[in-house]
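**Student:** Questions regarding the structure given below will be posed in turn.
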Amino acid sequence: MKKIQEKLQSFAGAMMVPIVLFVLVGFYVGIGSAFTNYIIPGDNIVKTIFGMISAMGFTFMNYLPLWFSVGIAFAMAKKEKGWAAFAGIVLFMSYITCIGSYAGAQGWNVDTVTVENLVSIGYTQQGALNFSALWGSVAGKFTFDMGIFSGIISGVTAGLIHNKFCEIKFKPMFAFFQGTKFVVILVTLAAVPLAIVTYYVWPIIASGLQTLTYFIGSSGLFGTWLFGFIDKALLPFGIHHLIAFPIEYSSVGGVMTIDGVVYEGVRNIIVGQAGSPDATGYLIRNFTSGRILFQLAGLPGAAFAMYKCAKPENRKKVASLLIPTIVTLMLVGISEPIEYTFLFASPLLYWLVYAPLCGLCYVIAEIAQISINGHALFFMIPNLFQPQKVHALSLIFLLPATFATYYFIFKFAIKKFNIKTPGREDDNIKLMSKKEYNELKENSGNDKLEIRIVEAFGGPENIDSVACCATRLRVTVKDESLVVQDSDWKDYLEAMGCVHSGNSYQIIYGVNVNSITTAVKDILGID
């Protein structure tokens, strides 16, 4: 089970690589389409440039499977990451080509999978609709329209093959084909059996996804609450993206036709509405508006409760810890630093109070019919250019109400159960002390954080792989007995917490994690 959890955590972290493109989609389509559709009349060079920007945004969205295949293969690779990314592209194109070719041998093509033809050869109307919906054009190829799943399958497969064979050696006669070149050959060959298996298995999986979609759609507000609760409940394990991404970027989150184009997933639907001159508002049941309530009000209320519950002499220090965290949360939506602040102080407070409250925020946002693009202040900028599509006046009273609710509930729980949040005890707000750390690791001779991190993991020879997501340093070690205690990361190594399962570690450093990861990789000589 530990090994499975480690793999899931690694996979979930890899899925975060293409996230920068998702941000660009919202900005490029939202702002570009606003200028081309409403702001700039006539035909001129300025309108043309904004049209180009909008078109780029749609391109990023239309090729999501490709970005996933590249990003996941890149992130999963332990070395030679560039070659792994290239293998991801090669496998993706080979994979979708082989699916279409094998389907053609079975008699299926663009013409035979139409609803009209399927009904004429004996399919029921509903059966014809379901089967026809399986197919589409991806990168110009007739194949299964699997959404992001084709990219995920390609990326994971390419990453596994790359890690297994990227260092293989051959005799001098065949040396040209060894190592990373052999990986490229293998992924093309792997595409054949992978495509054949997919041809028979994907319709079954697609049927299950349709059932899941029906459940989410038919369960109403309970389904909305369940999504919000599970999304937060899984966050400490680092696999919450596995729940959110299918909802946001595949048919699991729903399907909508906008201006003759079919969009799958709530985020893609909102992008389509942002780019449409005829859309009058954004999707209401979007499984993201609830984040506005707890990110702009709920968590700030919880932070204020921690501040008020701290000892008076510690409040200035607590404020210096919490205020930057809350500002980052409100601007870009990174909530883990503040969440882990009370998760490690009281897991029960997190899972029994905070996670259910977050699910409730999603429900309230849906009841209030909040229709807005983005869930953090920075990502809401495109709304300024298309305000007519925003329906969120209820936030005027919902935000203060949410702030008060979180504040009083957290304050009550902290005092009632004596939860050791920052400032309740002096040692809870101490940062790294060189003297204390030297006592912990006597052989430490350098105060740089990245060197202390490497030493804390048992030295370079004990580190197997290093990666990161938006807020976490993800490291796999060879011998976990050589690694410092989980609590030491927070007490001595400037981290906000540690999630540890077997040989897999997730060290929460917040928005600075990218620079920390790069510095650690430089020490280890990892590309």
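**Student:** Kindly state which helices (runs of 4 or more DSSP H) lie completely within segment 403-494 and contain at least 3 residues that are modelled with pLDDT of 90 or more.
**Tutor:** Numbers: elements: 434-440, 449-456, 486-492.
Hits in segment 403-494: 449-456.
**Student:** Scan segment 245-258 and tell me whether some residue there is under 18 Å from residue 23 (Cβ atoms) and among the acidic types (Asp, Glu).
**Tutor:** Yes, segment 245-258 contains a residue that is under 18 Å from residue 23 (Cβ atoms) and among the acidic types (Asp, Glu).
**Student:** Taking segment 198-233 only, how many residues are modelled with pLDDT under 80, hydrophobic (A, V, I, L, M, F, W, C) and either more than 26 Å from residue 145 (Cβ to Cβ) or surrounded by fewer than 17 Cβ atoms within 10 Å (Cβ to Cβ) (or both)?
**Tutor:** Selection size over segment 198-233: 2.
Conditions tested, residue by residue: (1) outside any helix (DSSP H, G or I); (2) over 11 Å from residue 290 (Cα atoms); (3) out of contact with any Gly (no Cβ under 8 Å at 6 or more places or on another chain).
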position	(1), (2), (3)
334	yes, yes, no
339	no, yes, yes
345	yes, yes, yes
351	no, yes, yes
358	no, no, no
361	no, no, no
366	no, no, no
381	no, yes, no
401	no, yes, yes
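**Student:** Do you know which of the residues in segment 158-185 that are in a loop (DSSP other than H, G, I, E, B) and basic (Lys, Arg) is surrounded by the fewest Cβ atoms within 10 Å (Cβ to Cβ)?
**Tutor:** Quick first cut of segment 158-185, residues in a loop (DSSP other than H, G, I, E, B) only: 166-171, 178-179.
Cutting the leftovers down to basic (Lys, Arg) gives us 169, 171.
On the way: 169: 9, 171: 7.
Looking at residues that are in a loop (DSSP other than H, G, I, E, B) and basic (Lys, Arg), I get 171.
**Student:** Go through (1) in the same structural domain as residue 188 (by TED's automatic domain parsing); (2) surrounded by 24 or more Cβ atoms within 10 Å (Cβ to Cβ) one by one and return the number of the condition residue 33 breaks.
**Tutor:** Result: residue 33 passes all but (1).
**Student:** Please verify whether segment 120-132 includes one or more residues that are surrounded by fewer than 22 Cβ atoms within 10 Å (Cβ to Cβ) and either closer than 20 Å to residue 188 by Cα or of a type in the set (D, E, K, R) (or both). It would help to see each step written out before you state the result.
**Tutor:** The first filter runs over segment 120-132 and keeps only residues surrounded by fewer than 22 Cβ atoms within 10 Å (Cβ to Cβ), leaving 120-132.
Next cut, either closer than 20 Å to residue 188 by Cα or of a type in the set (D, E, K, R) (or both) only: none.
Looking through segment 120-132, none of the residues is surrounded by fewer than 22 Cβ atoms within 10 Å (Cβ to Cβ) and either closer than 20 Å to residue 188 by Cα or of a type in the set (D, E, K, R) (or both).
**Student:** Quick one: in segment 58-107, of everything that is part of a helix (DSSP H, G or I) and of a type in the set (Ser, Thr, Tyr), which residue is nearest to residue 276 (Cα to Cα)?
**Tutor:** Here is the first cut: in segment 58-107, the ones part of a helix (DSSP H, G or I) are 58-62, 64-76, 81-105.
Restricting the remaining residues to those that are of a type in the set (Ser, Thr, Tyr) gives 59, 69, 94-95, 97, 101-102.
On the way: 59: 15, 69: 29, 94: 34, 95: 33, 97: 32, 101: 35, 102: 37 Å.
That would be 59.
The values are calculated or read from the model by the stated rules, or taken from the named source; none is laboratory data. Source: prediction; values computed, not measured. We place every Cβ from the backbone using ideal geometry, glycine too, and count neighbours over all the protein chains shown.
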